[in-house]
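Just below is one structure, and these are the notes that go with it.
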Amino acid sequence: MSQLSEQVLNGLKKAYSAYFDIEEVADGTALKALCAYHNRDSQYVLVKKAELWAAESHEYLYLWDAGHLDAGAVEEIFRRTLEDGGPRVKPHAQHMYTYLTAVVLCGSAQPEALAQLKKLKKRREFKLSLHGWMEFRIAAVDLSNGEITVNRAGKALAKDLKRLTGRIISANQKGEEKTQ
């Protein structure tokens with residue numbers, strides 16, 4: 001793991017720690033952390049037992065440090081995120097959605113891998129969406145130039161990641177220019 005990658009990873013964990021429960025992963029793979037977010041909104045009349053409605057939303061965010069991103073790595077990240085996140089989805093009458101999100105940090109990426117990443121999708125609706133849905137989102141952050149590539153479901157991620165990672169990447173690039 002490069003120094004820049006470690007800085008960005010720590011910055012993301014610090015930013016996400018305000019809303020997510022963060023669990024470090026040290027299994028020797030590119031997966032570095034699992035972040036879990038749970039929210040329950042409800043409306044009741046006078047007492048909590050007289051509940052009018054309730055809605056639960058969940059997100060499981062997987063932080064990856066891939067080094068060089070190629071087609072094999074994209075496929076492995078997709079497979080492993082769904083394999084681990086799938087059993088975590090618990091649909092019921094008050095379940096609104098669960099997002100399985102992969103954020104991949106890479107020092108470089110093959111254009112074919114980024115094209116493959118843009119096409120990845122997995123959405124599952126439970127009981128005609130009456131018990132909510134599950135959707136896979138993925139974003140790759142190229143640390144060499146700061147570009148962020150997302151799939152269709154992950155478009156909302158791009159803006160947040162640009163804000164969270166942009167400062168660290170630009171500061172690192174300015175530091176490299178000063179040493180030259």
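The values are calculated or read from the model by the stated rules, or taken from the named source; none is laboratory data. For clarity, every value in this text was computed on a predicted model and none was experimentally measured. Here Cβ is always computed from backbone atoms with ideal geometry, including for glycine, and neighbour counts include all displayed protein chains. The accessibility values were calculated without ligands, DNA or RNA, using every heavy atom of the protein model including side chains. Shrake-Rupley method; radii C 1.70, N 1.55, O 1.52, S 1.80 Å.
Residues of the range 130-156 being open to solvent by less than 10 Å² (accessible area, probe 1.4 Å) and within 15 Å of the chain's Cα centre (by Cα), which ones? Within the range 130-156, Phe136, Ile138, Ala139, Ala140, Val141, Asn151, Gly154 meet the criteria. Applying the condition of being farther than 27 Å from Ala15 by Cα and of a type in the set (A, V, I, L, M) to the range 27-53 and asking which residue is nearest to the chain's Cα centre (by Cα) yields Leu52. Among the residues of the range 30-45, those identified as surrounded by fewer than 19 Cβ atoms within 10 Å (Cβ to Cβ) and either in contact (Cβ under 8 Å) with a residue 12 or more places away in the chain or on the phi > 0 side of the Ramachandran plot (or both) are Ala36, Tyr37, His38, Asn39, Arg40, Asp41, Ser42.
What's the total number of residues in the range 54-83 that are open to solvent by 60 Å² or more (accessible area, probe 1.4 Å) and either in a helix (DSSP H, G or I) or free of Cβ contacts under 8 Å to residues at least 40 places away in the same chain (or both)?
Result for the range 54-83: 4.
Of everything in the range 90-123 that is of a type in the set (Lys, Arg) and either outside any helix (DSSP H, G or I) or at pLDDT below 95 (or both), the residue that is surrounded by the fewest Cβ atoms within 10 Å (Cβ to Cβ) is Arg123.
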